[in-house]
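Enquirer: Below you will find the structure I want to go over with you.
The values are calculated or read from the model by the stated rules, or taken from the named source; none is laboratory data. Just so we're clear, the structure is a prediction, and the values are computed from it rather than from any experiment. Every residue, glycine as well, gets a Cβ built from its backbone with ideal geometry; the counts of neighbours run over all protein chains shown.
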Amino acid sequence: MIDLRSDTVTVPTEGMRAAMARAEVGDDVYGEDPTTRELEEKAAALMGMEAALFVPSGTMGNQIAIACHTRPGQEVIVEATSHIYNVEMATMARFSGVQPRVIWGERGVFSAEQLAAALRPDLYYLAPTGLVCLENTHNAAGGRIWPLSAAREILEVAHSRGIPVHLDGARILNAQVATGIPARELVRGFDSVMFCLSKGLGCPVGSLLCGSREFISEARRVRKAMGGGMRQTGILAAAGLYALEHHIDRLAEDHENARLLAEGLSQIPGLAVWPPETNIVVFEIVEGPSAQELCARLKANGVLASPAAAGTDPRKIRMVTHLGISREDISRTVDLVARELRGQSM
Ligand code: TLP
């Protein structure tokens with residue numbers, strides 16, 4: 001199977017497994033796991049932040065951040081197609097008692113003017129804005145990179161009103177590799193950032209939430225409250241340390257494969273392909289079967305892909321490149337899609 005559903009499907013490499021097997025471990029709830037501590041220190045340094053916390057998933061990292069930055073009864077500003085708003089099961093309402101206020105961006109990116117208009121004025125009968133969240137790279141926008149200047153304008157507007165800004169940076173290292181701008185620059189000024197080890201970096205489990213020392217010590221309490229206090233996490237942290245050393249620069253290969261995939265698909269009549277900026281290719285079937293039907297046909301021929309935007313858009317498909325995908329896989333996929341769509345139009 002050529003599995004292009006997500007970069008979450010990556011499995012640990014031999015080198016990563018060996019590092020996991022060697023890991024020195026302790027009880028992390030007692031703060032005694034040396035490998036986890038080392039990973040947290042490296043992650044904080046990578047993001048240019050004071051401290052970091054290892055969490056089981058990106059969702060938990062985002063939700064801990066929301067819980068720490070807000071209090072019940074506030075609003076959280078999110079982009080309409082963001083992961084936090086669409087694919088985290090209303091957890092901000094469930095765990096933090098806050099409601100999302102949505103801004104429609106242009107392919108995931110909204111402007112400082114849009115933000116300024118969405119911030120609540122200080123009136124006692126309105127829910128105050130407690131937090132703004134951005135997503136970089138933006139998953140549903142096809143792995144789009146937030147332009148640095150636009151992100152900085154957002155930070156300025158929010159901070160001028162005393163409102164913190166959290167970054168869902170699940171794939172921020174893809175943005176680093178694609179732009180050549182270090183992640184710590186891309187996230188400078190954000191009050192917290194979450195990035196994932198279990199996507200393109202190829203780890204089996206784990207994300208890091210980064211921020212100030214004070215924020216992370218509160219985040220540690222909330223993680224425990226959410227049931228995310230884990231014990232001998234060094235085995236997982238060792239995979240993370242291995243990935244930070246060996247799997248960042250190679251993301252460039254995934255970006256190149258995504259570019260080739262998009263180039264190939266855009267030659268196929270009936271498809272409109274969004275030019276990828278990182279490792280996610282989104283395309284629309286303008287003429288032909290539904291996304292669900294095409295995915296089923298591809299699956300029957302050994303290629304897995306997912307309907308885009310968690311299936312909410314019946315004509316769009318998402319394909320994600322990662323370390324389990326070779327250049328040959330890309331040409332086989334393009335050939336298969338071309339064949340399936342030709343079959344449709346005949
Ligand atoms: N994204 C997954 C699915 O949930 C859609 C994927 O296959 O891409 N932020 C962003 C931007 C994400 O893309 C994801 C996962 C998360 C957060 C949540 O991470 P996990 O799955 O570790 O909770």
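Enquirer: Give me the pairs: first residue in the stretch 125-149 and closer than 19 Å to Pro164 by Cβ, second residue of a type in the set (Val, Ile, Thr) and within 13 Å of the ligand (Cβ to nearest atom), beta-carbon distance under 8 Å, and six or more apart or on different chains, which are they?
Expert: Leu131/Ile66; Cys133/Ile66; Cys133/Val78; Cys133/Ile84; Glu135/Ile84; Asn136/Ile145; Asn136/Ile172; Trp146/Thr137
Enquirer: Let me ask another. Mind checking which residues of the stretch 203-219 are over 17 Å from the mean Cα position of the chain (by Cα), surrounded by fewer than 19 Cβ atoms within 10 Å (Cβ to Cβ) and not hydroxyl-bearing (Ser, Thr, Tyr)?
Expert: The answer is Arg213, Glu214, Glu218.
Enquirer: Which residue out of Glu135, Glu75 is within 12 Å of the ligand (Cβ to nearest atom), closer than 30 Å to Arg220 by Cβ and either modelled with pLDDT under 95 or crowded, with 20+ Cβ neighbours inside 10 Å (or both)?
Expert: Working: Glu75 fails: within 12 Å of the ligand (Cβ to nearest atom).
Being within 12 Å of the ligand (Cβ to nearest atom), closer than 30 Å to Arg220 by Cβ and either modelled with pLDDT under 95 or crowded, with 20+ Cβ neighbours inside 10 Å (or both) holds for just one of Glu135, Glu75, which is Glu135.
Enquirer: Within the stretch 78-95, count every residue that is touching a residue at least 40 places away in the same chain (Cβ under 8 Å) and surrounded by fewer than 24 Cβ atoms within 10 Å (Cβ to Cβ). Break it down stepwise before answering.
Expert: Narrowing the stretch 78-95 to residues touching a residue at least 40 places away in the same chain (Cβ under 8 Å): 78-79, 81-84, 86-87, 95.
Filter once more, keeping what is surrounded by fewer than 24 Cβ atoms within 10 Å (Cβ to Cβ): 81, 83, 86-87, 95.
Number of matching residues: 5.
Enquirer: Do you know which of the residues in the stretch 299-314 that are part of a loop (DSSP other than H, G, I, E, B) and buried (at least 18 other Cβ atoms within 10 Å of the Cβ) is nearest to the ligand (Cβ to nearest atom)?
Expert: As a first pass, look at the stretch 299-314 and keep what is part of a loop (DSSP other than H, G, I, E, B): 301-302, 305, 308, 312-314.
Narrowing further to those that are buried (at least 18 other Cβ atoms within 10 Å of the Cβ): 305, 308.
Values: Ala305: 12, Ala308: 10 Å.
The qualifying residue nearest to the ligand (Cβ to nearest atom) is Ala308.
Enquirer: Being under 22 Å from Ala127 (Cβ atoms) and within 17 Å of the chain's Cα centre (by Cα) is the filter here, so list the residues in the stretch 31-76 that pass it. Quick ask: steps written out before the conclusion?
Expert: First, the residues of the stretch 31-76 that are under 22 Å from Ala127 (Cβ atoms): 62-76.
The answer is Asn62, Gln63, Ile64, Ala65, Ile66.
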